[in-house]
Amino acid sequence: MEKKLVFGAIGLMFGNAHLEGALAYGAEVAAICDLNEETLRKSGEKYNIPEEKWTTDYHDILNNPEIKLVSIAIPDQLHRQVACEMLAAGKHVLCEKPLALTREDIEAMVQATEKSEGKFMVGQICRFTPAFAKAKEIIESGEIGELYFVESEYAHDYMNIVKDAQIWRADPKRHGVIGGGCHAVDLLRWLAGDPVEVFAYGTHKLLPTVPYDDATCALLKFDDELMGKVFVSTGCKRDYTMRTCIYGTKGTIICDNTSPTMQLFVADENGVAPEEPEIIEIDVNNHNYVKEFQVFADTIIADKPMETSVYEGAKTVEVCLAIVESAETGEKVKPNYNFS
């Protein structure tokens, strides 16, 4: 395709981050869209987007043949409809996480991508977080040996976010594990692979406006010699964090997405770990949208397979759905990764 990338942003409450990534990359912004006219105006003025490029109707982007790249940052319940329409028009799509909220929707989005000439990227932003990217690099180097246990948590107090039971985040389908905990699930999938079985417990003691559990703990089985744990709390009384521990046969990594350092323990030739870890300084950028858009655009220009593809998004949601099912039934659940 041509080197000139023409971009349209749909949904600006969160889509401003994608817009900033596009501008940093040097893409041409042809249109910005939001149903809320005040949000639209603020974004247009903030980023010096001419008013003639503002719209409240995403079909203006859909029907513009010049726009080849689209970001979708709207309520999760609407991802399927808008993404499938954009893919049918042959546009390249960057869609916020989670991919969707139901098995039916993720299957439809996979199938729409397979039929489209456009590429699809799901915004699993943790894969671009400096500390987690560094952890991935250390794991792949073999420095901490073979993994045997990985854990991550998504601790984020939603008390001020879901004050109203009618808000889209309070939708029963948008369980905290799917809407926010998908970050921790996707991170562990990226680091350790696809779980073959999950078992979970949940409690609901903190968020009165939502119908789903506001705390969930899930055990993940990757294979007979690798296990994991995900803890999701959307009502926790603490600052936001995604504390993550990665245990290998030769060492351990302790990191998160909000600290300027991470810890690395590496055993000596006798298998003994040091009393004090190596401290690795790291950039704090827990929503690295500039890097995310760069990968999105570079992949399109180079016509390569998308690393954070629709399949990756679908697998992450499937694990999340399995966790929710297990917590509700008290049974082990095996994720189904066949989306055809």
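The values are calculated or read from the model by the stated rules, or taken from the named source; none is laboratory data. Since the structure is predicted, the reported quantities are computational estimates derived from the model, not experimental observations. In this analysis, Cβ positions are derived from the backbone assuming ideal geometry, glycine residues included, and neighbour counts consider all displayed protein chains. Side chains included, ligands, DNA and RNA excluded: accessible areas come from the protein's heavy atoms. Shrake-Rupley method; radii C 1.70, N 1.55, O 1.52, S 1.80 Å.
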Selection from the stretch 87-119 of residues that are buried (at least 16 other Cβ atoms within 10 Å of the Cβ) and in a helix (DSSP H, G or I): Leu87, Asp105, Ile106, Glu107, Ala108, Met109, Val110, Ala112, Thr113
Within the stretch 248-258, does at least one residue satisfy the condition of being at negative phi and open to solvent by 80 Å² or more (accessible area, probe 1.4 Å)? yes
The stretch 7-32, residues that are under 19 Å from Glu96 (Cα atoms) and assigned to a strand (DSSP E or B): Phe7, Gly8, Ala9, Ile10, Val29, Ala31, Ile32
I'm trying to understand the selection: among the residues of the stretch 133-166, which are surrounded by fewer than 15 Cβ atoms within 10 Å (Cβ to Cβ) and at pLDDT below 95? Asn160, Lys163, Asp164, Ala165, Gln166
Output the residue which, of all residues in the stretch 64-97 that are among the polar types (S, T, N, Q) and touching a residue at least 24 places away in the same chain (Cβ under 8 Å), is nearest to Val319 (Cα to Cα). Gln77
Every listed condition ((1) closer than 30 Å to Thr113 by Cα; (2) over 24 Å from the mean Cα position of the chain (by Cα); (3) not polar (S, T, N, Q)) holds for Ala267 save (1)
Against the condition in contact with a helix residue (DSSP H, G or I) (Cβ under 6 Å, 6 or more places away or on another chain) and either in a helix (DSSP H, G or I) or closer than 18 Å to Ala9 by Cβ (or both), how does Val122 come out, does it pass? yes
State all residues of the stretch 211-247 that are β-branched (Val, Ile, Thr), surrounded by fewer than 23 Cβ atoms within 10 Å (Cβ to Cβ) and either over 21 Å from His287 (Cβ atoms) or touching a helix residue (DSSP H, G or I) at 6+ places or on another chain (Cβ under 6 Å) (or both); if no residue qualifies, say none. none
Across the stretch 1-41, which residue is surrounded by the most Cβ atoms within 10 Å (Cβ to Cβ) among those that are farther than 17 Å from Glu51 by Cβ and among the charged types (D, E, K, R)? Glu20
Looking only at the stretch 43-58, filter to residues that are without any contact (Cβ under 8 Å) to a residue 12 or more places away in the chain and in a helix (DSSP H, G or I); which one of those is least open to solvent (accessible area, probe 1.4 Å)? Glu45
